[in-house]
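S.K.: Pasting a structure here, questions to come.
The values are calculated or read from the model by the stated rules, or taken from the named source; none is laboratory data. Note that this is a predicted model, so its numbers are computed, not measured. All Cβ positions, glycine included, derive from the backbone under ideal geometry; neighbour counts span all protein chains shown. What goes into the accessible areas is simple: the full protein's heavy atoms, side chains included, and nothing from ligands, DNA or RNA. Shrake-Rupley method; radii C 1.70, N 1.55, O 1.52, S 1.80 Å.
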2 protein chains.
Amino acid sequence: VSREEPESILLPGGSEPSPDTRIWIGAGLLDRADRFLVSPSGRFVLISPPSAASAADRVRRRLEGRLIADIALDDRESSKTLSAIGGIADRALSAGVRRDDAVVAIGGGVTSDVAGLAAALLLRGLAWNAVPTTTGAMADAAIGGKTGVDHPAGKNLLGAFHPPRAVLLDPTAASTLPDRDFRAGLVEAFKAAWIADADLARRAAAALERIVAREEGALIELLAGAARVKASIVSSDPREGGRRRLLNFGHTLGHALEAAGEYRHLRHGEAVAWGICAALEISRRRCGLPRSDADGIREVLRRLGPYPEPVRDPRVLEPFLTRDKKATAGGIAAVLLEAAGRARVVEAVPAAEWLDAAAIMSFK
Amino acid sequence: VSREEPESILLPGGSEPSPDTRIWIGAGLLDRADRFLVSPSGRFVLISPPSAASAADRVRRRLEGRLIADIALDDRESSKTLSAIGGIADRALSAGVRRDDAVVAIGGGVTSDVAGLAAALLLRGLAWNAVPTTTGAMADAAIGGKTGVDHPAGKNLLGAFHPPRAVLLDPTAASTLPDRDFRAGLVEAFKAAWIADADLARRAAAALERIVAREEGALIELLAGAARVKASIVSSDPREGGRRRLLNFGHTLGHALEAAGEYRHLRHGEAVAWGICAALEISRRRCGLPRSDADGIREVLRRLGPYPEPVRDPRVLEPFLTRDKKATAGGIAAVLLEAAGRARVVEAVPAAEWLDAAAIMSFK
């Protein structure tokens, strides 16, 4: 991918409430952000947390004179609330935001979730753009139109489907990201490969050292592949009725581990890594996942770690599992692998089976 | 319309985020509400204000054992805020609401706006049902999918398009509505006729005394006609890019008058009546609206009054006019009449022209 002609992927949106998303991929896109960001009026409301300051500065320089508001967001998970939406609305409305203005969100997953929901609600829906600055947001959060805030009863319980008009995937945007976060975020990119693209999984595993060393070309190949998987799945099932659930691979137990650690102990990607590890056990038993495939995945995950030891006590984990959005009386819908690159949904795996897997899961 | 086989109107929604709305019309529907309300799981979250207690009781009796939460809403305009959405979310999520449960909102326009937005956001979108108990909500607010809350900068500035699955138009639901509110709400029903259905406008004007006396048959005819107009306009333009703007007839100045009276002095329908009165002046001059048509409309409006005298001071009104969501540098988009039953949008009427009309408007 040259610096001159970036690659792009179209995620078709269908009708007007779900516009098309154009995903641009390339190193250095941020320094030409004005070419890719979409605003019907040409004016923008910029939303970014302090942690994304250097990426935000690069975008700011390209939008000089076109920012009607420049809003600092607290992007800790604990601040991902409905009142954060109110705060953004205060700033944008005082600045005189109009229906044809657009939001640009620069940051990690919390930023795109919150800013995307603010865009969905302001004047009943502004266009928005996502500039992810973490590997996790590049691989997952910024693509697909899910926006939302948390509630004491659980994560992302209030939200909307509101796809961004443009996503800028620029690995240089993550240049100041701490190494632990950088690696944890890549779990989501590999996840995309494991559920739907065996060839990508193979190539990315082979390039793992270069990826972890942040080599631009290798990173772009993985992120573009993951974006292509996600775009293909989301466009076939925008509202998560069926196939989109495959993207939750590793997330059923992962969410429970994250919640049991009060969202501080484990990064999201780390919890998903543990969740995948447990799902491999169940996939071996229920879907005939070959041992060599499971071992290969575990090896990649081990290299993206180390991860803090999670809560394994079934008495602690069980309530978090059974309050999952996908839980029913018969058990919890599980995404399992038949092979590296081929996933399917098994409708009702009993909580006990997840808890057994959690007790013994290991990357060794 | 017999009590056995209620009439219904289908408002097609298109893609999944905008489902079809089925509008049921008939006296006594509330006492068979279980037949018409839609919930994928069969379970409901009921939301209603104290003012709609008797209608809510009738629905409650039909949903016995199927309510997972019964939430009281403060439906004053001043309580139509993002934190009201948070309050509903607290109650619904503590009750264990699931994605296949549905909301039923029983009340006036504030109730359907707030409960509809809560439904839009809960778990990224629950199905919902509207049971309007005011003539204004029956004629307008409950149909068409606009939901929202206010912000200090203006009304309905945060919201979503989230159409209800079913609307129950039952004139007996308004039986305890004070007469002033009953008449003010009918302004919106006549508005629908004036913008798009000359025949309905003629028939309803002829039946005006029976309508104001709350005669079921006459009321149902007007409400069904208004619902048909609104459904037809909304289905041709769900996101208000073009034709849907016609529904704002009387609302440009109306919103300014309402805001200048701090939403206490005038009912919404009363402000719209004054706004229509001013729009008739401008329509005469710019669109050749025949004098006899203007006189006929004014006569109906006079009979739906009396209305409190509005603020007419241009220095007070102007800021409220120019902050209109539809304002641009060249003026404010105006909905004007060419004849009773035929409206069009004139893109930029200068604020001064509205202020001149406001200074002299009269129902005489």
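S.K.: Which whole number gives the average, over all residues in A:113-121, of C-beta atoms from other chains lying within 10 Å of the residue C-beta?
M.R.: 2
S.K.: Can you give me the Rg/Rh ratio for chain B, using Cα atoms for both radii and the Kirkwood formula for Rh? Before the final figure, lay out each step's value.
M.R.: On the way: Rg = 19.5 Å, Rh = 20.4 Å.
So for chain B, dividing Rg by the Kirkwood Rh gives 0.96.
S.K.: Continuing with the same structure: Counting DSSP beta bridges with both partners in the protein assembly as shown, what percentage is antiparallel, nearest 5?
M.R.: Working: 38 of 80 bridges.
Close to 50 percent.
S.K.: Longest span of chain A, sites excluded, free of GluC sites (Glu not before Pro) in DSSP loop with at most 13 other C-beta atoms within 10 Å? Please report the intermediate quantities before stating the final value.
M.R.: Details: sites that count: A:Glu4, A:Glu64, A:Glu262.
It runs A:65-261.
S.K.: Modelled label-to-label distance, B:Ala198 and B:Thr176, 7 Å Cα→beta-carbon offset: nm?
M.R.: If labels sit at B:Ala198 and B:Thr176, their model points lie 4.4 nm apart.
S.K.: In degrees from 0 to 90, rounded to the nearest 10, what is the angle of the helix A:216-236 Cα long axis to the longest principal axis of chain A?
M.R.: Approximately 80 degrees, to the nearest ten.
S.K.: Let me ask something else. Only bridges with both residues in region A:5-127 count here: give the DSSP antiparallel percent, nearest 5.
M.R.: Values: 5 of 15 bridges.
Once the DSSP bridges in region A:5-127 are tallied, antiparallel ones form about 35 percent.
S.K.: Which residues, if any, in region B:48-89 lose at least 40 square angstrom of accessible heavy-atom surface (probe 1.4 Å) when the other protein chains sit next to their chain rather than the chain being alone?
M.R.: For region B:48-89, once contacts with the other chains are taken into account, B:Leu82 lose 40 Å² or more.
S.K.: If I compute solvent accessible area with a 1.4 Å probe over the protein chains, what percent of it on region A:249-295 is carbon and sulfur? Intermediate values should be presented prior to the final figure.
M.R.: Working: 690 of 1620 Å².
Of all accessible area on region A:249-295, carbon and sulfur atoms account for 42 percent.
S.K.: Direction-averaged shadow area of the convex hull around the Cα atoms of region B:65-154, nm²? Display every interim value, and only then the final one.
M.R.: On the way: hull surface 23.3 nm².
Average projection, Cα convex hull of region B:65-154: 5.8 nm².
S.K.: May I ask which of B:Lys155/B:Lys230; A:Lys155/A:Lys364; B:Lys146/B:Lys364 have a Cα-Cα span longer than 24 Å here? Please report the intermediate quantities before stating the final value.
M.R.: Numbers: B:Lys155/B:Lys230 21 Å; A:Lys155/A:Lys364 30 Å; B:Lys146/B:Lys364 34 Å.
Where the Cα-Cα span goes over 24 Å, the pairs concerned are A:Lys155/A:Lys364; B:Lys146/B:Lys364.
S.K.: Take the eigenvalues of the Cα gyration tensor for region A:238-338, scale each by 5, and report the square roots as semi-axes in whole Å, largest first. Display every interim value, and only then the final one.
M.R.: Details: eigenvalues 78, 72, 34 Å².
Gyration-tensor ellipsoid for region A:238-338: 20, 19, 13 Å.
S.K.: Another question about this same structure. On C-alpha positions alone, give me the angle between the axis of helix B:53-62 and the longest principal axis of chain B, in degrees, nearest 10.
M.R.: Compared with the principal axis, the helix lies near 40 degrees.
S.K.: Also, I was wondering about something else. Show me, for region B:178-188, the HN-Hα J-couplings you get by feeding each phi into the Karplus relation (A = 6.51, B = -1.76, C = 1.60, θ = phi - 60°), rounded to Hz, glycine and proline as x.
M.R.: Taking θ as phi minus 60°, the curve returns x, 4, 4, 5, 4, 5, 4, x, 5, 4, 5 Hz for region B:178-188.
S.K.: Comparing the chain by itself with all protein chains present, which residues of region B:199-239 are at least 40 Å² less accessible (probe 1.4 Å)?
M.R.: Flagged in region B:199-239: B:Arg239.
S.K.: Give me the accessible area buried between chains A and B, both sides summed, with a 1.4 Å probe, in Å² rounded to the nearest 100.
M.R.: Working: alone 14670 and 14700 Å², together 26430 Å².
By this definition, chains A and B bury close to 2900 Å².
S.K.: Please report Rg over Rh for region B:136-256, where both radii come from the alpha carbon positions and Rh follows the Kirkwood definition.
M.R.: Working: Rg = 14.5 Å, Rh = 15.1 Å.
That ratio equals 0.96.
S.K.: Still on this structure, please answer the following. Where in region A:295-317 is the amide nitrogen less than 18 Å from a point lying 7 Å along the Cα-to-Cβ axis of A:Arg214?
M.R.: A:304-306
S.K.: Can you give the FRET efficiency to the nearest 0.05 for A:Asp31 and B:His265, using r as the Cβ-Cβ distance and R₀ = 56 Å? It would help to have the intermediate numbers written out before the result.
M.R.: Values: r = 54 Å, r/R0 = 0.97.
According to the calculation, E is roughly 0.55.
S.K.: May I ask you to derive the FRET efficiency for A:Arg344 and A:Ser94 from their Cβ-Cβ distance with R0 = 56 Å, giving the value to the nearest 0.05? Please report the intermediate quantities before stating the final value.
M.R.: Details: r = 50 Å, r/R0 = 0.88.
Result of the calculation: an efficiency of 0.70.
S.K.: What distance in nm separates the simple spin-label points at A:Ser292 and B:Ala153, each placed 7 Å from Cα in the Cβ direction?
M.R.: Label-label distance for A:Ser292 and B:Ala153, simple model: 6.0 nm.
S.K.: Averaged per residue, what accessible surface does chain B expose to a 1.4 Å probe, in Å²?
M.R.: On the way: 13230 Å² over 364 residues.
Each residue of chain B exposes 36 Å² on average to a 1.4 Å probe.
S.K.: Calculate the spin-label point distance for A:Arg303 paired with A:Glu77, positioning each point 7 Å from the Cα along the beta-carbon direction, and give it in nanometres.
M.R.: That separation, rounded to one decimal, is 2.7 nm.
S.K.: Sticking with this structure for a sec: With only alpha-carbon pairs counted, each pair once and no self-pairs, how large is the Kirkwood hydrodynamic radius of region B:146-215 in angstroms? Provide the component values of the computation, followed by the final result.
M.R.: Details: mean 1/r = 0.0681 Å⁻¹.
Its Kirkwood hydrodynamic radius stands at 14.7 Å.
S.K.: Let a ≥ b ≥ c be the square roots of the eigenvalues of the Cα gyration tensor of the protein assembly as shown; is it rounded (a/c under 1.5), or, if not, prolate (a/b larger than b/c) or oblate? If you can, show how the numbers build up before the last one.
M.R.: On the way: a/c = 2.61, a/b = 1.69, b/c = 1.54.
Prolate, because a/c is 1.5 or more and a/b exceeds b/c.
S.K.: Another question about this same structure. Report which residues of region A:128-166 become buried by 10 Å² or more of accessible surface when going from the isolated chain to the complete set of protein chains (1.4 Å probe; DNA, RNA and ligands ignored).
M.R.: Listed by number, the residues meeting the 10 Å² cut-off are A:Lys146, A:Thr147, A:His151, A:Ala153, A:Asn156, A:Leu157, A:Leu158, A:Gly159, A:Ala160, A:Phe161.
S.K.: Ignoring ligands, DNA and RNA, please state the percent of accessible area on region B:91-198 from carbon and sulfur, probe 1.4 Å. Please report the intermediate quantities before stating the final value.
M.R.: Details: 1090 of 2190 Å².
Carbon with sulfur: 50 percent of the solvent-accessible area.
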